Amino acid sequence: MTETIRIGDKNDSKALFVRVNGKVYETYEDKTLLRFLRDDLKLTSVKDGCSQGACGTCTVLVGDASKKACVVRLSKLNDQEVITSEGLKDEEKEAFTYAFTKAGAVQCGFCIPGMVMSGVSVIRSNPNPTEDDIRKGIRGNICRCTGYKKIVEGIMLASAILRGDEKINYEESEALVGARADRIDAHDKILGTGIYADDIELDNMLYGSCVRTKYPRAKLLKLDPSKALELDGVVGVLTAKDVPVNLIGHIQRDWPVFIDVGEETKSLADAFCFVVAEDEKTLEKAKKLVEVELEELKPVSTIEEAMAEDAPKIHPDGNLCQKRHVSRGDAKKALENSKYIASFTYKTPLGEHAYLEPECCVAEPYKDGVRVYSSDQSVYDTRRELSIMFNWEDTPERIVVVNPFVGGAFGGKEDMSVQPPAALAAYLYQRPVKHKFTRDESLRWHPKRHPMEGRFTIGCDENGIFQGMECEIYFDTGAYASLCGPVLERACTHSVGPYNYQNTDIKGFGYYTNNPPSGAFRGFGVCQSNFAMESNINILAEKVGISPWEIRYRNAIKPGEVLPNGQIADRSTALVECLEAVKDIYEENKDHAGIAVAMKNAGVGVGLKDIGRVKIVVDGDMVKVYSGATCIGQGVGTIILQMIGKATSLPYHKIKIMPPNTLTSPDSGTTSGSRHTLITGEAAKKCAEKLAKDLENHSLEELDKKEYFYEYDDPTDPLGSDKPNPKSHLAYGFAAHVVVLDDNGKVTDVYAAHDSGKVVNPTTIEGQIEGGVVMSLGYALTEDLKLKDSVIKAKYGNMGLWRSTDTPRIHPILIEKEELLDLAYGAKGIGEIATIPTAPAVQGAYYALDGDLRLELPLRDTFYKKTKKIEK
């Protein structure tokens, strides 16, 4: 007879008996299954991605059917057994762990336990599923990292193992550059045993959450937390008066931790106070008791409104946040002398990262400061910004920041969010504090992809050779600067494309509005300007009378030639090879295919400090590797391991990559700008070479406790340098994408040829390409974060994110040249460029199909947003 375990105190409510993983629990509170599993049973494999039934991270089995735990109430289980990944059969656990690792199905990992449960459900109902069966079976589970392809392959392999058609081979991965090495974090992520910030439970922990504005623009007339403070279980309410330095910001300090009485809100993200309580129930009651009196004001909701002479000033210095001017040669004269001109105005929308893990951190008192477990993109950036808030800039070491696993970011976790209130409360109340966003808070708060409006003009001669280009780019940066300056700059510098011509004049402007903030997003401004530039080039090709492939090939940058920014293309440049790799497929389908190319910098560049640091410590018969390089799903730890293995010839199991921690890990810069593979990779290579030298005459045991350190710093030239050929960035990656449609306008195939230098791990780079392509397809065709009067009118489930059944066949093509950079074994970054060329290629495919030139994203009148029949 199964023992019954009581959860909570017995009361007058009806007893509920819940069967979970072979055990029976008696409880008297009817709640969602998700909250019961996580809060009461501490089964943290069941992730909370939205609590809205939209994302699938909380998928469990009820019987053998997959269900989203956040929408199932305990009273509706009807005595059916619930199974989480902890309760799977041993053979299922083993099959999925092996199959997902080998297939490369894991990136950030936050969606993966839910994917496993849906995969198990598919296989239990059909032990020999087709690819379509699997895609339908996981349709309720969103992944923003992988593009689904490798997840489907993982479930296929798991089913074959469970049928006995495939065997598990536990042969150790090669720790070598070029090998399909297993991800170092795959095992912990697949069944949900790895720890994300929301999985952390500390003794005596408090819970905190902000009271936020109801209006994007309003004046705070009164804030009275007294009734909340009277509630039993409320520890305190923090306001602007409790913050030592209330203005913070990633670059520009314009973002208040809390809005003070008498000040105006600038967006729906703004908070008035932070309520801290003993438990989450009390917290929610207390937030409702905080009295807030607001004077609603008309928001500034468009770039045009922000530019108006009589516009309200969103910030004291006005509504122009940043501007850039990038020029070379004489664009005006070049355009006047051009045979053909293409000039159009383009618009791109507000973009949502939609990572699966909402922002969360846990802060605790530590020595004379705080320790923060943070879901972010750089432990050192978090420490720096918190030190500003605490007024501890002279003693930032009082703050220790640790990365648990980070469940996706794509740029959206560069800015501070949950960390400042949690850290402040932990320090003031001397108890651990957890602060996590709901999905709606995340949507309202974190910076998005900048909406763009811009006029782009390019000219060519009678042979299609580009002569000159000019444009004006306008960005809506929303309520706060975030990374407006660098993103605008990258949009400008990359708007010229990866071509060989020298006459350019680009002006960029970023304006404040009362819309949600905009900042870093995968592609970092280049998605917007590349869409416009590549679309213009198709029109030039038509006027010249050559194909879109041919005009790109004639102008493609080659090694030794000069890019439009003056930088000489290095010997690894392989845009021509990318174009050649997709030529045949494009020519075979050119009446219903589109092509686009892109370049993207690897490294921050433009004269800014961009340092990679790595420390290696010998510990007995193995080495531990420390670096501040945060993994947000891209797999930087595995890449570093492979580079160290290459340099030292140590096997995979002898190299352990340690999590970023400001106490132990040297600062290796932020996870941004596709920089870690090149910059931290070079630091790892050089550091490992020091160890390799000692290993020539000593064993690891003889070197026990010895430490090695390397700092890599290769300066670049600032924007506007007077050098004739400045080095703007250490390296560039290049790509050519071809999108193929069927007769109805449905995307059937995407061919993605990429030059990323030396391929360190083919499985990883394929996964980055596949995920980037699907993200860009959504950007091009379906994702639309609608705003009305600066208010988001969307939920996670209806913003147009692509699901497993939506995705086409994706064909990554990896281009490697013999001539490579001398750095990091020749590797360059892939993370951002993977998501840039697909959208303009989709636009070009539709133009080829029906002759309708679409100048705005998401594209209108398509298979995915059809308002009229597409006719050839």
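No value in this document is a laboratory result; all are computed from the given coordinates. What you are looking at is a predicted structure, and each value in this text was computed from that prediction instead of being measured. Cβ atoms come from the backbone with ideal geometry, glycine included; neighbour counts cover every protein chain shown.
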Segment Glu393-Ile251, extension gain: residue separation times 0.36 nm, minus the distance between their alpha carbons: 49.6 nm
So what is the relative contact order of region 4-170, in percent, for Cα pairs below 8 Å that sit 6 or more residues apart? 22 percent
Cut-off is 10 Å between beta-carbons; in what order do Leu289, Leu220 appear when sorted fewest neighbours first? Leu289, Leu220
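At 25 °C and 0.890 mPa s, grab the translational diffusion coefficient of the chain from Stokes-Einstein with a Kirkwood Rh over Cα pairs, rounded to a whole number in µm² per second.
88 µm²/s
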Can you check what the net charge comes to around Cys460, using other residues whose Cβ is under 15 Å from the Cβ of Cys460 (Lys, Arg +1; Asp, Glu -1)? -2
Loop-located trypsin sites (Lys or Arg not before Pro) in region 203-277, at most 13 other Cβ atoms within 10 Å (DSSP): Lys214
Over region 611-713, relative contact order from alpha-carbon pairs under 8 Å, at least 6 apart, %: 46 percent
What ranking do Ile161, Ile632, Ile765 get, fewest neighbouring Cβ atoms within 10 angstrom at the top? Ile161, Ile765, Ile632
Which aspartates and glutamates does Lys795 reach when only Cα atoms under 18 Å apart count, and residues fewer than 8 places away in its own chain are ignored? Asp48, Glu352, Glu357, Glu359, Asp440, Glu441, Glu783, Asp784
Can you put Tyr626, Tyr148 in order of Cβ neighbours within 10 angstrom, beginning with the fewest? Tyr626, Tyr148
Using the Kirkwood radius built from alpha carbon pairs, what does the Stokes-Einstein equation give as D for region 151-230 at 37 °C and 0.692 mPa s, in µm² per second? 171 µm²/s
Region 293-345 to region 781-838: how many Å between their Cα centroids? 27 Å
Could you sort the peptides 847-854, 415-422, 135-142, 112-119 by per-residue average Cβ neighbour count (10 Å cutoff), highest mean leading? 112-119, 415-422, 135-142, 847-854
Give me the tail of P(r) for region 460-554 as a percent: Cα-Cα pairs with distance above 16 Å. 58 percent
Highest first, please rank the peptides 734-741, 327-334 by the mean number of other Cβ atoms sitting within 10 Å of their residues. 734-741, 327-334
How compact and how long is region 4-170, expressed as Rg and Dmax of its alpha-carbon atoms in Å? 16.3, 55
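Restricting to Cα pairs below 8 Å that are 6+ residues apart, what does the relative contact order work out to for the chain? Please round to a whole percent. Don't skip to the end; give the middle numbers.
Details: 2287 pairs, mean separation 119.2, N = 872.
Once normalised by length, the contact order is 14 percent.
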Using every alpha carbon pair in region 1-103, what percent of pairs falls into each 10 Å bin from 0 up to the bin containing the largest distance? 15, 46, 30, 8, 1, 0
Taking alpha-carbon centroids only, region 13-90 lies from region 371-406 a number of Å equal to 35 Å
Output the pairs from Lys686/Lys828; Lys285/Lys788; Lys31/Lys793; Lys693/Lys828; Lys23/Lys150; Lys434/Lys609 with a Cα-Cα distance over 23 Å in this structure; if there are none, say none. Lys285/Lys788; Lys31/Lys793; Lys693/Lys828; Lys23/Lys150; Lys434/Lys609
Rounded, prolate or oblate, given the Cα gyration tensor of region 697-747, with a/c below 1.5 counting as rounded? oblate
Report the calculated FRET efficiency for Asp317 and Glu472 (r = Cβ-Cβ distance, R0 = 25 Å), to the nearest 0.05. 0.70
Shape category assigned to region 34-86 from the gyration tensor of Cα positions, a/c cut at 1.5: rounded
To the nearest µm²/s, what D does Stokes-Einstein give for region 611-713 at 10 °C and 1.306 mPa s, using the Kirkwood radius over alpha carbon pairs as Rh? 120 µm²/s
Show me 371-383, 455-467 ranked by packing, highest mean number of other Cβ atoms within 10 Å first. 371-383, 455-467
Centre separation in Å (Cα based) which lies between region 677-696 and region 487-511: 36 Å
Could you give me the percent of Cα pairs per 5 Å distance bin for region 328-462, shortest bin first, beginning at zero and ending with the bin that holds the maximum distance? 2, 10, 16, 16, 11, 8, 7, 5, 6, 6, 6, 4, 2, 1, 0
